[in-house]
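Please read the structure below before turning to the comments.
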Amino acid sequence: MSRPPTVAQRRMIEGADPVTGRLTGTPAQLAALVGRGLAFRHPRPPHDHFLTPAGHRTRESLARPPDPVAPARQPAPTADSGVFSARIGGEETADASPRRAREVHSAWQGLLELRRMTRRDGATDRPCDWERAHLVQAAALALEAAGHRPAGPDATDGYRVRATPQPEAVAVHASDAAALRACAVTLEAAGWQTGEHTDPRTRARYLLASPRRA
């Protein structure tokens, strides 16, 4: 079993950008994280350091204490949590302020930059490893950044993104066929492949979306 991060390394990991994983620290500290496989040094100037997928998992484990009882409902992120979280639909509160719009735009641009930096050809047309490890948040960010409205707590309108038992796939629900199709167009433009399905119990239509590989 690998040694847990030191206190200084924990601070660096917890302070990394929540979307791009960009790190700040001294050269020695950054090199130590690289040596442990928790960070990588970007080959192009300015040679910034970023969390690897293992680093992102470590960051999540540090931020989320173990809970023996799984919550019945995903809690809504708080406005003062300091960590950006895309709206997946169903949150108790939905901030529609200009500040929120700026945060969403910045997060989406950061995600595109992460795609560019982590792909040999620098392409941004397909999801990156971070998105494959955070399917619900990644799909929700693509939708929110494109201007789609997340559903409220009563889920009568707007989109809802939910995990599925299928690997690398999320379910996207919307209020009607036109909204569902609009979500499909947005996700496909963002590098996802989608297909419409019918819930066998409710007969409601929904999208099954997964990151495109090629």
Return yes when Q166 is in a helix (DSSP H, G or I) and open to solvent by 30 Å² or more (accessible area, probe 1.4 Å) and no when it is not.
-> no
May I ask you to list pairs of residues, at least six apart or on different chains, whose Cβ atoms are under 7 Å apart, with the first in the stretch 158-176 being on the phi > 0 side of the Ramachandran plot and the second being part of a strand (DSSP E or B)?
-> G158/P150; E168/S210; E168/P211
Those residues that are charged (D, E, K, R), under 17 Å from R205 (Cα atoms) and surrounded by fewer than 15 Cβ atoms within 10 Å (Cβ to Cβ), I need them from the stretch 148-163; list them, please.
-> D157
In the stretch 3-14, is there at least one residue being modelled with pLDDT under 70 and more than 22 Å from S106 (Cβ to Cβ)?
-> no
Pairs with Cβ under 7 Å, 6+ apart, first in the stretch 108-123 and over 12 Å from A138 (Cα atoms), second in a helix (DSSP H, G or I) = L114/W130; T118/D129; G122/R116
Which pairs do you get when a residue that is in contact (Cβ under 8 Å) with a residue 24 or more places away in the chain, found in the stretch 201-214, comes within reach of a residue that is part of a strand (DSSP E or B) and aromatic (F, W, Y), reach meaning Cβ atoms under 7 angstrom, with the pair 6+ apart or on two chains?
-> A209/W192; S210/W192; P211/W192; R212/W192
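For residues in the stretch 75-130 being of a type in the set (D, E), part of a loop (DSSP other than H, G, I, E, B) and modelled with pLDDT under 90, which is nearest to R160 (Cα to Cα)? Give the derivation first.
Residues of the stretch 75-130 that are of a type in the set (D, E), as a first pass: 80, 91-92, 95, 103, 113, 121, 125, 129.
Retained after the next criterion (residues that are part of a loop (DSSP other than H, G, I, E, B)): 80, 91-92, 95, 121, 125.
Okay, now just the ones that are also modelled with pLDDT under 90, so 80, 91-92, 95, 121.
Details: D80: 23, E91: 10, E92: 13, D95: 16, D121: 33 Å.
Taking the candidates together, the pick is E91.
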Which of the residues that make up the stretch 169-204 are in a strand (DSSP E or B) and touching a helix residue (DSSP H, G or I) at 6+ places or on another chain (Cβ under 6 Å)?
-> V170, V172, T194
Of the criteria (1) under 30 Å from P46 (Cα atoms); (2) crowded, with 17+ Cβ neighbours inside 10 Å, which one A133 fails | (2)
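The values are calculated or read from the model by the stated rules, or taken from the named source; none is laboratory data. Small disclaimer: the values here were computed from a predicted structure and weren't measured. With ideal geometry, Cβ positions are generated from the backbone for all residues, glycine too; neighbour counts draw on all protein chains shown. SASA here: full protein model, heavy atoms, side chains in, ligands and nucleic acids out. Shrake-Rupley method; radii C 1.70, N 1.55, O 1.52, S 1.80 Å.
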